[in-house]
Structures are given as C-alpha cells and as structure tokens.
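To keep things clear, I will list the structure first and then write my remarks on it.
Quick note: the coordinates plus some simple rules give every number you see, no bench work behind them. From a predicted model like this one, the values you see are computed outputs, not experimental measurements. Backbone-built Cβ (ideal geometry, glycine too); neighbour counts: all protein chains shown.
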Amino acid sequence: MSTTLITGGTVVNATGTATADVLVDGENIVAVLAPGSALLGVDLAQNVDAVVDATGKYVIPGGIDAHTHMELPFGGTNASDTFETGTRAAAWGGTTSIIDFAVQRYGERVEDGLASWHAKAAGNCAVDYGFHQIIGGVDEFSLKAMDSLIDEGITSFKLFMAYPGVFYSDDAQILKAMQKSAETGLVTMMHAENGPAIDVLAQQLYETGKTSPYFHGIARAWQMEEEATHRAIMIADLTGAPLYVVHVSAKQAVEQIAAARDRGRNVFGETCPQYLYLSLEEQLGASSPEWGDFEGAKWVCSTPLRSRPEGHQDAMWQALRTNDLQMVSTDHCPFCMKEQKELGRGDFRAIPNGIGSIEHRMDLMYQGVVTGQISLPRWVELTSTTPARMFGLYGRKGAVQPGADADLVIYDPSGHTSIGYEKTHHMNMDHSAWEGYEIDGHVDWVMSRGSVIVDESGYVGSKGHGQFLKRDLSQYLL
Ligand code: URP
Ligand code: ZN
Ligand code: ZN
Ligand code: ZN
C-alpha cells in the first residue's frame, strides 16, 4: 500500500472550494487537510511515498460519465470503442468511472444480455465501470428478471420510445416497466422521442430526395422529443416511477421536465456536450471537400443536434444553472466515417447514430466555467457528484472526502488543450466531432483508486485496473 500527498491545490467539491492537501493511502482518500501537510506535529510530506504539487491547480473528484455505449451493436455495425480503448480515452480526459448500457434485445434473456456485457468489460477497463440495463423487449420474462437487477448492482434501466423494431417499447410496455420501477426503486431512464412518427417523417423525406445527414435533424423534430418527454412524465406520474430522461436536447423537453419538477415529481434530466455546443445548421448541415454534404454524418446522433436560432443550446445551459437538468453525460457512441457512418451515404436513415466525446467531457464542461455559464463547484456537481448520487455511487465516488475512493484529477486552469483527431484524441475513431476545439484548461494528472493512470508523460494506467461497480439505489430521489 502506498501513500500520496497532493499539496497546495484548490480542492473543488460540489459544496465549494478550499485550499487543502489531500492524503491518499492505498485505494482511498484518508484525509483532506489544512494546507501545510502537518498533522499532530508530523510533517506528512516527509513521511509519504509520493508528494504531488498541485499549487495553482484544481483537485477534483474524477469524472463520472453515466451514459456510454462501448461496443454497442447498433445500426448494422458496432460502436468503435471497446471497453479497453474507450475507458483509456476516458482516463486521458479525467473521467474515472463510466456507467455503460448492457443490452437486452427482444426475445433475449436479460441475464444473458447482462452476462455478455460483463464478458466484454471484465479485465479490459482502465477505469471503474458500472452498468445500466437496456430493456429492449419488455415482456413477462424481462419484467421478472428486473427483480434481480438490484442484487447484481444494477439500479437503473433504459427504455426507448424511439427505434421501432430495435429497442422500442410501446406505451403498454412502458407502463408495465414503470410499475416495476416504482415497486423496486430501479430508476427508469428514458430515450424520449416518438419513434414511429419520426420513422414516417424520415421515410417521406427520403422519398422526396432529401437523403443527406441534415434531414436526420429535420425528421427528428423537437415536437417529437417534447411529446415523448411529456408522455414519459405522465406514465411515470401515474405509476410513481422515478424517471431520468437521457440526452435531452430540445428546450421544449426541458420545459416539460421543469414543469414536472415544479409539481414535485421525481423527474430528472441529463444533457450532453453536443447539445450545448453543436447545431443542426453548423454540423448536420456541414459540407467538406472530402465528404461533400455527407460530412454531417459525423454528428448524426439521437436526439439530434438542434437549430441554433431556435435557442435550444442556450436553454440547455440555462437548465444546467437552474437545476432543471442535473447532469452532463456524453452518450459516447462512436462510429468511424469509413465503413460505419458510410453505411448511410445516400440514405440518412442508415447512418449509425452516435458521437464520441468521452475524452472531452470534463474539458468541454470546464469551458462553461471559463465563460461564466456555470460555477466551479457546479462543474464538479454536473460531471461527478450528481452522477454518483443519482446512480448509487456516492461516498465511494463523486467527492474529494475522507473514505472515498482516491479517484482524483489535477486540472490546470492555465493549461491548454487542443482537441482533434490528429492532436489529443485517443478514442478509436477516424475523425473527431470536436475537431479544432481549443480548451482553456488541461487534465494534468489522474488517479484511479490510488493508482496514477495519467501523469505528465501521458497514460500510465493498465488494462484491467478498472473494476465493476456494484451500485446502490439512488440517493437523489425525493
Ligand atoms: O445517437 C445515439 N444516441 N446513439 C446511442 C444510442 C442511444 O440512443 O443512446
Ligand atoms: Zn438514447
Ligand atoms: Zn445512449
Ligand atoms: Zn495533455
């Protein structure tokens, strides 16, 4: 067991900031001390194995990305990051825990879907990982299987109102699954878009020759998100299920969530960096010499990027400030352009949906601090503390406090990070959705459960260090 003392940094928690030294023993934080590292007359710096100077820098709890899809079979291919490559990229970006989505498909046993996800992840991860369970086929068998999820350390499941024929649940299935959610305390996570109506709109666009990626965003209109969000909230209201709406992008969907919260309901929402920064016009409508108007395929994801003149991006930032949205995850679901996104050349409906951002979430959200949109503690709250509380990890994760796992990041506010495929990118993709983004700030050093995994020389972690996180029921519900 080795000891590390991080000295002179500004420790940032969701509750505020303080100049403090952080003492790590083995896998845990054992003390957060007044600066100077003396305890009962003993100079700690003389007695630990390693001293790390964080003067002028922030010491924050490692990021928790509660929405990732490593190796997801989707859109006729597999998401291009494995648990190995995706969690390594997470480490580079200061994220020390992920919660990925295990998949149960229609006709498949939940137990088998979960076992196959364990097989993909075990021994391969650079950082700790947990699972939510996708229920892609709600029937008597999957409903019964949901009773055992909590014992497996899985305390949340995702349903889809989108993707008919793939993961889609109709309202009757949603009702039954939410009854189970209310009964067990499992959090219902909802992909809220009206899939059947979107598919008709997409077909009509395709038939009139509107086949480029831009029309993915037109077919998936904000009305389809608002309507589904409202429907999910009403079924949750009726059943008493705690509801967490994933990847919210439409300002009208946020209004639905805010209204439900104002009525005292257990309704929560997450957004993602892409919905804060990117748009229908600039990205889905992009064109390049290499790809022509197919360039926009890089940013095909669902929910889609929204129109900037309509004000969705500003509304997402506002909701993060007012706590109408509580956290920021990436929905990391990368696909390469070559051979993957290309499947949808000439037909936007066949472009695999997803963007890769796991490496950049902490940096991108820190820009909200730089521009004054969120405070420093709120940055930590949105990216680490609330995900921990929401998904049963708090205490172990989500705060720089004695007893917690030593998942720590030293972030240099005067550092700089250039994002791009050729530059700082370690995700397994042949392009970057964030090409050219210049970040004020830099992830200098990352520790996961007491092991240094990123230092000035780069990634120094190891595959298999990351352990499965058995999660507890949410501490964030009313
Ligand atoms: O486009 C996306 N979001 N792909 C991943 C699957 C999902 O719906 O979260
Ligand atoms: Zn989704
Ligand atoms: Zn997703
Ligand atoms: Zn760097």
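Structure values in brief
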read-out: Residue 279 long-range amide H proximity, modeled H, under 5 Å; value: 284
read-out: Sum of side-chain charges, residue 71 neighbourhood, beta-carbon under 13 Å (Lys, Arg +1; Asp, Glu -1); value: -2
read-out: The chain - Rg (one decimal) and Dmax (whole number), Cα, Å; value: 21.6, 79
read-out: Gain on full stretching of the segment that runs from residue 27 to residue 119 - 0.36 nm per residue minus C-alpha separation; value: 30.6 nm
read-out: Residue-span extension gain [residue 51 to residue 200] - 0.36 nm each, minus C-alpha spacing; value: 47.6 nm
read-out: Inter-part distance where the range 89-151 and the range 207-278 are each reduced to a Cα centre, Å; value: 23 Å
read-out: Cβ-derived FRET efficiency at R0 51 Å, residue 322 paired with residue 208, nearest 0.05; value: 0.80
read-out: 0 to 90° range, to nearest 10: angle between helix 83-92 axis and the chain longest Cα axis; value: 50 degrees
read-out: GluC sites (Glu not before Pro) within the range 230-322: DSSP coil, no more than 10 neighbouring Cβ in 10 Å; value: 290
read-out: Charge dipole (the chain, unit charges on Cβ, about Cα centre) - positive-most of 190, 416, 305; value: 190
read-out: J(HN,Hα) series, the range 26-34, from Karplus relation 6.51 cos²θ - 1.76 cosθ + 1.60, nearest Hz, glycine and proline x; value: x, 8, 10, 6, 10, 7, 10, 10, 4
read-out: Links that overshoot a 23 Å alpha carbon limit, given the list 120/463; 57/470; 176/470; 251/341; value: 57/470; 176/470; 251/341
read-out: Amide H within-cut-off set for residue 445, under 5 Å, with H built and near neighbours excluded; value: 410
read-out: Cleavage-rule hits (trypsin sites (Lys or Arg not before Pro)) in the range 288-343: DSSP loop, at most 10 neighbouring Cβ within 10 angstrom; value: 338
read-out: Long-range HN-HN contacts of residue 247 with modeled amide H, under 5 Å; value: 270
read-out: Residue (of 47, 337, 68) at the positive-pole extreme of the chain, dipole from beta-carbon charges; value: 68
read-out: Charge sum, other residues only, whose C-beta stays under 15 Å from residue 450's C-beta, Lys/Arg counted +1 and Asp/Glu -1; value: -4
read-out: Length released on extending from residue 78 to residue 175, taking residue separation times 0.36 nm less the Cα-Cα span; value: 31.9 nm
read-out: Rough spin-label spacing in nm, given labels placed 7 Å along Cα→Cβ, for residue 38 and residue 139; value: 7.1 nm
read-out: Crossing angle, helix 171-184 versus the chain [Cα axis fit, 0-90 degrees, rounded to tens]; value: 30 degrees
read-out: On Cα atoms only, tilt of 312-322 relative to the major axis of the chain in degrees; value: 40 degrees
read-out: Over the chain, relative contact order from alpha-carbon pairs under 8 Å, at least 6 apart, %; value: 22 percent
read-out: The range 62-80 residues near the modelled residue 166 label - backbone nitrogen below 15 Å, point 7 Å along Cα→Cβ; value: 69-80
read-out: Three-way shape label, the range 296-336, alpha-carbon gyration tensor, a/c 1.5; value: oblate
